[in-house]
Amino acid sequence: MSITMIGLDVAKSVFQLHGIDASGKVQLKRKLQRSELIPFFEKQPRCTVAMEACGAAHHWARVLAGLGHEVKLIAPEAVRPFVKRGKKNDAADAAAICAAASRPDARFVPVKSLEQQGVLALHSARALLVKQQTMLANAIRGLATEFGLVVPKGMGRLDELATLVEADESFPEQARGVFAGLLEQCRATADRIEALEAEIVGHAREDDIARRLATVPGIGPITASMIAATVGDGIGHFSSARHFAAWLGLVPRQHSTGGKTRLGRITKAGNREIRTLLVLGATSMVHRAAQWNSAAGAWTRGLLERRPVRLVTVALANKMARIAWALMTRNEVYRAKGCVAAAAAAVA
């Protein structure tokens, strides 16, 4: 029989193929070098190619789709249970990809366009530089602390710390040179972050989805740009707002049995970057909940009276994710409820 599906395990130089027919019988097991991959699929009759959604998978998905094949990307978490125990190798991985993609309830990841990956490159670079900036700031503070110089926390306090170092005549010259070098590197990193954020904000203003998402309280241009570039038109793959929140890892774990429902902490599955940005935005809105004049603000204040702040923050991030799903699905903008009624009550 002809091959209907090929599981492709992607690597830097070596690619492992596992092909099956319509009945699930193995028809192909082959290892290819990078230069052999495209010629092979040019000759291969049209079929479904399944890959894990990691590494250069989106690039190869676009290439193989251009050759006429149907490409499906599946999350690595969905493939892992199908890898045979004790046989972790490229051939076993390719077979597991085939098995996972053949399941009737399998969920697939939309293939990203070049434009989406370009915007996500800005976000990846910014996230890396933010981590480096934090590391540099901690190193600067730690160095000054060794000589008894401290300032309150905050990135804006580093200039104040530099002034203290300059005024301290007992500060060793060798340490002073190291301090100046770290401070210069930290400032250069901050300038680069600012430049990247300007590009991200520009994308958020031009993209229609990002503009609508930015109308949600707690979702700024960086979060809106990240969601738009990551999800884009693929929001239709999520059948409900809860599925979208679950994909972001913002729903509680379940350990239920015997008809008893037990919920734990959030799963933290799915896209970590979007989840982090949503939680940061929710944290900002929780801190200003007293001035948040809407039904969502009243809901947040009521929850704060009964639950810890951190739990309320995550619950609000979950609500923001569901609102984002609704806006992207219905092509609408956010309209706050309860503002007029609250204002009228305040006047009365």
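The values are calculated or read from the model by the stated rules, or taken from the named source; none is laboratory data. From a predicted model like this one, the values you see are computed outputs, not experimental measurements. In this analysis, Cβ positions are derived from the backbone assuming ideal geometry, glycine residues included, and neighbour counts consider all displayed protein chains. These area figures cover heavy atoms from the full protein model, side chains too; ligands, DNA and RNA do not enter into them. Shrake-Rupley method; radii C 1.70, N 1.55, O 1.52, S 1.80 Å.
Tabulated results
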{"read-out": "Condition met for GLU332 (closer than 24 Å to ARG211 by Cα, among the acidic types (Asp, Glu) and surrounded by 15 or more Cβ atoms within 10 Å (Cβ to Cβ))", "value": "no"}
{"read-out": "Identity of the residue in region 190-223, assigned to a loop (DSSP other than H, G, I, E, B) and of a type in the set (A, V, I, L, M), that ends up farthest from ARG288 (Cα to Cα)", "value": "ALA214"}
{"read-out": "Condition check for ALA282: within 29 Å of ARG211 (Cβ to Cβ), modelled with pLDDT of 95 or more, touching a helix residue (DSSP H, G or I) at 6+ places or on another chain (Cβ under 7 Å) and of a type outside the set (Ser, Thr, Tyr)", "value": "yes"}
{"read-out": "Residue list for region 149-175, filter: open to solvent by less than 50 Å² (accessible area, probe 1.4 Å) and not hydrophobic (A, V, I, L, M, F, W, C)", "value": "GLY154, ASP168, PRO172"}
{"read-out": "Within region 23-54, tally of residues that are of a type in the set (A, V, I, L, M, F, W, C) and closer than 14 Å to ALA101 by Cβ", "value": "5"}
{"read-out": "Filter pass, ILE227 being of a type in the set (Val, Ile, Thr) and open to solvent by less than 10 Å² (accessible area, probe 1.4 Å)", "value": "yes"}
{"read-out": "Test: residue in region 105-123 that is part of a loop (DSSP other than H, G, I, E, B), free of Cβ contacts under 8 Å to residues at least 24 places away in the same chain and farther than 14 Å from ILE6 by Cα", "value": "yes"}
{"read-out": "Residues that are farther than 16 Å from HIS237 by Cβ and not in a helix (DSSP H, G or I), drawn from region 52-69", "value": "GLU52, CYS54, GLY55, ALA56, LEU67, GLY68, HIS69"}
{"read-out": "Every residue from region 139-148 that is in a helix (DSSP H, G or I) and surrounded by 13 or more Cβ atoms within 10 Å (Cβ to Cβ)", "value": "ALA139, ILE140, ARG141, LEU143, ALA144"}
{"read-out": "Whichever residue in region 48-59 is more than 19 Å from the chain's Cα centre (by Cα) and open to solvent by less than 10 Å² (accessible area, probe 1.4 Å) and, among such residues, is nearest to ALA269 (Cα to Cα)", "value": "MET51"}
{"read-out": "The one condition in (1) closer than 26 Å to SER124 by Cα; (2) surrounded by fewer than 21 Cβ atoms within 10 Å (Cβ to Cβ) that VAL71 fails to fulfil", "value": "(2)"}
{"read-out": "Unique match (being more than 20 Å from GLN254 (Cα to Cα), under 17 Å from the mean Cα position of the chain (by Cα), aromatic (Phe, Trp, Tyr) and crowded, with 17+ Cβ neighbours inside 10 Å) among TRP325, TRP292", "value": "TRP325"}
{"read-out": "Top-ranked residue in region 300-339 [being part of a loop (DSSP other than H, G, I, E, B) and among the small types (Gly, Ala, Ser); ranked as modelled with the lowest pLDDT]", "value": "GLY338"}
